[in-house]
Every structure is written in C-alpha cells, then in structure tokens.
Amino acid sequence: MKTTHLIATSVAAAAALPLTALAHAGTDGGGHHNFLDSLMHAITHPLGGADHLAAMLAVGAWSALAFGPSRKAWAAPAGFVALLIAGCLAGFAGLHVPAMEPMIAASVLVLGLLVMVQQKMPVGAAAGLAGVFAFFHGAAHGYELFEASFAPAAGVIVGMAAGSALLHVTGMVVGHQVMQRHQVIAKVAGGLTAILGAIMLTRLA
C-alpha cells in the first residue's frame with residue numbers, strides 16, 4: 001500500500017507541475033524527408049535519451065521481476081508499445097497533451113520504484129499503468145510531427161515502437177537473468193532510475 005500511495009502521489013505531483021520546458025520539441029520533426037531515414041533515426045532515438053532509455057528498460061525489468069517467466073510478463077511492455085503508438089498518432093493529429101514533460105519524468109521515477117521494490121499488481125493494472133506513461137512519451141514525439149508529411153511521420157512512429165520494444169525485451173532479459181538472481185542489483189538499478197526521475201521533476205518545477 002505504501003508503494004501504491006507513493007506512485008499515486010508522484011503522478012499527481014507531476015500532473016500539477018508547470019510545463020516549463022519541452023526537451024523533445026523539434027528533435028524528430030524537421031530533418032527526415034522519407035520513411036527509411038525517419039525509421040532509422042526513430043529506432044535509435046530511445047537509446048540517446050536518458051528518460052526514454054531508463055523508462056523502457058525499467059518496464060521490461062519490472063515485468064520480469066513482477067511476473068516471472070510467464071506470459072503475463074509481456075502485458076506491460078505490450079501496453080506500453082500500444083499506447084506509445086496511440087500517443088504518437090494523437091500528437092501527429094495536432095493534439096497537444098498538457099504536462100507531457102512532467103509525466104515523462106514521473107514515469108522514470110515511478111517505474112524505477114517499481115523495479116526497486118519489485119511491486120506486483122494485477123496484469124491489467126500493470127499494462128494500464130505502463131500504457132498511461134507511454135501515451136505521454138508518444139504524444140511528445142507525435143506533436144513534433146504535426147504538419148509533417150505522412151511518410152516521415154510513419155517512419156518515426158514505427159521506429160519508436162520498434163526501438164521501444166527492443167529496450168523492453170532487453171530489460172526483461174536483464175530482469176530474468178540478472179536481477180532475479182541478484183536482488184541488490186534490482187534495488188540499486190531501480191533506485192538510481194527513481195533518482196533520475198526525481199531530478200528530472202525538480203528541474204521542471
């Protein structure tokens with residue numbers, strides 16, 4: 001219960017923060033003129049941003065730790081990718097989602113805490129929580145593509161989904177093979193991820 005309360009408080013605080021900076025604005029939309037260029041850039045993009053890298057690895061690691069070697073472990077990563085695409089499409093359609101950056105930072109904080117404590121929850125709730133955060137990640141990038149042509153926008157959306165899925169799988173492998181056997185690694189990695197999210201939130205305050 002304490003962890004659930006902390007998660008809810010973190011999300012609420014993030015939603016209340018002003019949107020003082022858009023770190024993602026303009027990073028994907030302008031320099032790619034065809035599907036393949038945009039696809040390749042977008043696949044590698046999550047590897048270059050600490051927020052995306054940490055969040056997506058954490059989704060995979062948490063899923064492995066919370067559900068073990070069962071099909072349920074795929075629910076949160078699948079929910080993340082699905083809602084990431086939905087967020088991208090919403091942004092591409094011109095929807096400006098409020099508090100994108102605070103919610104992205106909150107996702108890093110919350111997912112880090114989930115890894116650290118190996119929080120278990122119903123599979124639907126896990127997929128829903130990951131999906132909510134993913135929507136904000138996707139919307140941040142989709143909005144950059146507003147008024148872009150279809151081909152480069154499609155490349156970015158497909159590439160972001162593929163790159164994210166790859167990171168989820170990587171996180172799951174690490175969770176299964178390393179963190180389950182060495183609990184201290186899970187606690188340290190989760191704690192550092194949560195600290196990164198907290199730092200990101202304080203910079204937006």
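Rule-based calculations on the coordinates, nothing more; no lab input. These numbers were taken from a predicted model, which means no experiment stands behind them. Neighbour counts are summed over all protein chains in view; Cβ atoms, including those assigned to glycine, are modelled from backbone coordinates with ideal geometry.
For the peptides 91-101, 61-71, 135-145, what is the packing order when you average, over each peptide's residues, the other Cβ atoms within 10 Å and list the highest mean first?
Top to bottom by mean Cβ count within 10 Å: 135-145, 61-71, 91-101.
Would you calculate the convex hull of the Cα atoms in region 126-168 and tell me its volume per residue in Å³?
Values: hull volume 2.8 nm³, N = 43.
Given the Cα convex hull of region 126-168, per-residue volume reads 65 Å³.
In the calculated pair distance distribution of region 106-154, what percentage of Cα-Cα distances lie above 16 Å?
Working: 627 of 1176 pairs.
When all Cα pairs of region 106-154 are counted, 53 percent exceed 16 Å.
For region 77-205, report the % of Cα-Cα distances exceeding 19 Å. The partial results should precede the final answer.
Values: 4350 of 8256 pairs.
Counting every Cα pair in region 77-205, those more than 19 Å apart make up 53 percent.
Under the definition of Cα pairs under 8 Å and six or more residues apart, what whole-number percent is the relative contact order of region 35-204?
Values: 319 pairs, mean separation 73.3, N = 170.
Relative CO of region 35-204 lands at 43 percent.
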